[in-house]
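The values are calculated or read from the model by the stated rules, or taken from the named source; none is laboratory data. The model shown is predicted, which means the values in this text are computed figures rather than measured ones. Here the Cβ is made from the backbone with ideal geometry for all residues, glycine too, and neighbour counts use every protein chain on show. Each accessible area value is taken on the protein alone, full model and side chains, heavy atoms only, with ligands, DNA and RNA left out. Shrake-Rupley method; radii C 1.70, N 1.55, O 1.52, S 1.80 Å.
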Amino acid sequence: QVQLVESGGGLVQPGGSLKLSCAPSESIFSIYAMGWYRQAPGKQRELVASIASSGSTNYADSVRGRFTISRDNAKNTVYLQMNSLKPEDTAVYYCSLDGRVRLLATPRTYWGQGTQVTVSS
């Protein structure tokens, strides 16, 4: 089964930066989109940013202008550059991938295990 491997989380002070990375554990036949979601304690999971196969990006209003999502197609890797971090950005960040693992496979969404981002002084 395909696993999404995430890295880059950690503890950072307000105003600091972190860069998250996510890549599937094995090759993917077709990727429609990749993205990042986050879930803070006691809150619902929310979309942070996404990037489609076309390169089109989408951001939550709360992070627009501070976060940047990008991809490396050769490595099937998606990144989330997070700048000017705020305490309210503290959450577990989950990578997602919409795609097919094989030509005849059913398209579906795959999720990473999550990486903790803590913004605190």
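What's the magnitude of the charge dipole for the chain around its Cα centre, counting Lys and Arg as +1 and Asp and Glu as -1 at the beta-carbon? Answer in Debye, nearest 20.
Dipole size: approximately 100 debye.
Residues of the chain: accessible area per residue at 1.4 Å, in Å²?
54 Å²
Using the Kirkwood formula on the Cα atoms of region 21-90, what hydrodynamic radius do you get, in angstrom to one decimal?
For region 21-90, the Kirkwood estimate is 13.0 Å.
With r defined as the distance between the Cβ atoms of Asp61 and Ser30 and R0 fixed at 25 Å, what FRET efficiency is calculated, to the nearest 0.05?
0.25
Could you please state how large a percent of the accessible area of the chain is carbon and sulfur, counting protein chains only and using a 1.4 Å probe?
C and S fraction of accessible area: 46 percent.
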